[in-house]
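> First the structure, which I've put down as structure tokens, then a few questions once you've had a look.
Readers should treat all values here as calculations from the given coordinates under stated rules, not as data from a laboratory. Here the structure is a predicted model, which means the values were calculated and not measured. As a convention, Cβ positions derive from the backbone with ideal geometry for all residues, glycine included, and neighbour counts pool all protein chains shown.
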Amino acid sequence: MLEPSNNNELPAIPSKRYFTIGEVSDLCAVKPHVLRYWEQEFSQLKPIKRRGNRRYYQRQDVMLIRQIRSLLYEHGFTIGGAKQRLSDTPSTEHPNNVQLIRQLRFELEEVLAILTP
């Protein structure tokens, strides 16, 4: 995976499981509408959508967004160039399986939260 460079000015990523689009916007210094656009452009970026299409990002999503931000804003890549650079990194998991596992895990955690007094 690409190492984000010059992200020293960005805040540390808190150790929590899920982040809202507003939190990710603050953590990555990218506006929410840009994040939504990047979801359409970068197939690797797939936040979980629940409760009225609310987006929930995980830590690896935040790290990916920081990589995309670095490629586009600091290294001068185009969207196409950034896609190419990110796709050069081999992926061992099928994207649909990853999304399904994320969704199931999120739902199980919600059930656990309901059952835990």
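> Mind checking which residues of region 17-53 are in contact with a Ser or Thr (Cβ under 7 Å, 6 or more places away or on another chain) and either closer than 20 Å to residue 113 by Cα or surrounded by fewer than 17 Cβ atoms within 10 Å (Cβ to Cβ) (or both)?
Residues satisfying the conditions are 31, 32.
> Which pairs have Cβ atoms under 9 Å, sit 6 or more apart or on different chains, and link a residue in region 36-48 that is touching a residue at least 12 places away in the same chain (Cβ under 8 Å) and closer than 25 Å to residue 107 by Cα to one that is surrounded by 18 or more Cβ atoms within 10 Å (Cβ to Cβ) and among the polar types (S, T, N, Q)?
Here the result reads 47/58; 48/58, each pair linking region 36-48 to a residue that is surrounded by 18 or more Cβ atoms within 10 Å (Cβ to Cβ) and among the polar types (S, T, N, Q).
> In the list 30, 98, 24, 62, which residue meets the criterion of being touching a residue at least 24 places away in the same chain (Cβ under 8 Å) and part of a loop (DSSP other than H, G, I, E, B)?
Being touching a residue at least 24 places away in the same chain (Cβ under 8 Å) and part of a loop (DSSP other than H, G, I, E, B) holds for just one of 30, 98, 24, 62, which is 30.
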